[in-house]
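Q: Could you have a look at this structure, given as structure tokens, before my questions?
Readers should treat all values here as calculations from the given coordinates under stated rules, not as data from a laboratory. A quick note: this is a predicted structure, and the numbers were derived from the prediction, not measured. Using ideal geometry, Cβ is built from the backbone for each residue, glycine included, and neighbour counts are taken over all protein chains shown.
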Amino acid sequence: MSSSNGLKIVFAGTPEFAAHHLQALLNSHHQVTAVYTQPDRPAGRGKKLQASPVKEIALNAGLEVQQPLTLKDPEAQATLAAYNADLMVVVAYGLLLPAAVLAIPRLGCVNVHASLLPRWRGAAPIQRSIEAGDAETGITIMQMEIGLDTGPMLLTRTCPILPQDTAQDLHNRLVELGPPALLDALDQLAAGSLVAQPQDDSSATYAHKLTKEEALLDWRKPAEQLNRQIRAFNPYPVAFTLLNGENLRIYAAESRQLAKSAEPGTLVSVDGELVVACGNNTALALQIVQLPGKKAMAVKDLLNGLAGKVRAGSVLGI
């Protein structure tokens, strides 16, 4: 450890959320000695290999980058051990760390997780918290152990989930919250003043990975539940239904009560807006939508382009 009480850190992360935390570490008095990230993946229409946001920042900073397919083999573990780090900081890395890896750094491995553990352990905590209608979420800095997000909590920071928050909105707010929380935790860890709090396993919930299949809206559900799903799945994988046999992606909507009951999925109004009957005598007024090959647009613009092709009484989802 340096005289400034900074820690020698190996960083592991992959997406933009992780990249913000890496940048904060690079701007701090701590020393990042190496960066681990997922292998480059094909992306975009040309399917060209694309570096992760974390890799781009690491290379710009002149850091050594490791991209192993697994950390289970002894050679990868020996490479990690050679960095002689005080700590490994893990943020949305995407690889499980075996027990041998967790034991390599002097102070072990800490993780920045985008929920208030033990709620929403797992891959998609931001989206699942919105989908479930939670009033708040936050950041947990956790000491890592073998279980999935089960380790003792070192520090938490909370933030509200606002009524119209999309997953992108909440991601952006947590990106502001996470890096200062991480730096605070690291300084306390270096000073030996952090007290770990065990998680209450009986209160745990799991944030399963998002799938494109579950983005298909079931109009039999109440409108408010569907609205949460739409917000949770924006910007990915984006909720959708079928309109005249084509996928209609839905980015924003508004929940309403129905004046009179209608079969779920029925278009009850197409007069300047698309209002869809949902379960429990509720309705969703669609606001921002997208047809295949088109840009996302306001519903009134969609209706202008589909003059006469969308009628009240039509049923979505078939």
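Q: Taking the dipole about the Cα centre of the chain, with the C-beta of Lys and Arg at +1 and of Asp and Glu at -1, give me whichever of 258, 179, 227 is farthest to the positive side.
A: Of 258, 179, 227, it is 258.
Q: Using square roots of five times the C-alpha gyration tensor eigenvalues, list the equivalent-ellipsoid semi-axes of the range 1-127 in whole Å, biggest first.
A: So the equivalent ellipsoid measures 22, 18, 17 Å along its semi-axes.
Q: Let me have the 222 nm mean residue ellipticity of the chain computed from DSSP H runs of 4+ only, each contributing -39500 (n - 2.57), with the sum over all residues rounded to the nearest 500.
A: -7500 deg cm²/dmol
Q: Related question: What does the charge dipole of the range 59-124 about its Cα centre add up to, to the nearest 20 debye, if the Cβ of each Lys and Arg holds +1 and the Cβ of each Asp and Glu holds -1?
A: In total the dipole reaches around 340 debye.
Q: Could I ask something else about it? For the pair residue 314 and residue 281, what calculated FRET efficiency results from E = 1/(1 + (r/R0)^6), where r is the Cβ-Cβ distance and R0 = 25 Å, to the nearest 0.05?
A: 0.80
Q: Here are some values of P(r) over Cα pairs in 10 Å bins from 0, in percent: (1) 5, 20, 21, 16, 18, 14, 6, 1, 0; (2) 6, 27, 31, 20, 10, 4, 0; (3) 6, 24, 27, 20, 14, 8, 2, 0. Which one was computed from this structure?
A: Correct label, based on the coordinates given: (3).
Q: Which of 285, 204, 103 sits closest to the plus end of the dipole of the chain, meaning its Cα is farthest towards the positive end, when Lys and Arg get +1 and Asp and Glu get -1 on the C-beta?
A: Checking the options against the dipole of the chain, the answer is 285.
Q: What's the angle, to the nearest 10 degrees (0 to 90), between helix 223-232's Cα axis and the longest principal axis of the chain?
A: 40 degrees
Q: Could you give the length gained by full extension between residue 66 and residue 135, i.e. 0.36 nm per residue of separation minus their alpha carbon distance, to one decimal place?
A: Full extension from residue 66 to residue 135 adds 21.0 nm.
Q: Same structure again: Determine the alpha carbon to alpha carbon distance for each of 260/295; 209/294; 8/55; 212/294; 221/260 and list only those over 23 Å.
A: Table pairs above 23 Å Cα-Cα are 260/295; 209/294.
Q: Hand me the trypsin sites (Lys or Arg not before Pro) from the range 1-76 located in a DSSP loop with no more than 13 other Cβ atoms within 10 Å, in residue order please.
A: 45, 47
Q: Further question on the same structure: Normalised by the number of residues in the chain, what is the relative contact order in percent for Cα pairs under 8 Å and 6+ residues apart?
A: After rounding, I find 13 percent.
Q: Figure the gain on full extension for residue 224 and residue 301 (residue separation times 0.36 nm, minus the Cα-Cα span) and round it to one decimal in nm.
A: 25.3 nm
Q: Here's another thing I want to ask about it. Per residue, how big is the convex hull of the range 139-293 when only Cα atoms are used? Give it in Å³.
A: 152 Å³
Q: Ok, one more. Per the Kirkwood definition applied to all pairs of different Cα atoms, how many angstroms is the hydrodynamic radius of the range 213-305?
A: About 13.0 Å, per the Kirkwood formula over Cα pairs.
Q: Pull up the DSSP beta bridges for the chain and report the antiparallel fraction as a percent, rounded to 5.
A: Taking every DSSP beta bridge with both residues in the chain, the antiparallel ones total about 65 percent.
Q: Can you tell which of 274, 94, 67 lies farthest toward the positive end of the dipole of the chain, using +1 and -1 charges on the Cβ of basic and acidic side chains (Lys, Arg; Asp, Glu)?
A: It is 274, whose Cα lies furthest towards the positive end.
Q: Over the residues of the range 41-193, compute the C-alpha Rg and express it relative to 2.2 N^0.38 Å.
A: Relative to the 2.2 N^0.38 Å estimate, the range 41-193 comes out at 1.13.
Q: Here is a follow-up. So if I place +1 on the C-beta of Lys and Arg and -1 on the C-beta of Asp and Glu, and nothing else carries charge, what would the dipole magnitude of the range 8-207 be about its Cα centre? I want it in debye, nearest 20.
A: 480 debye
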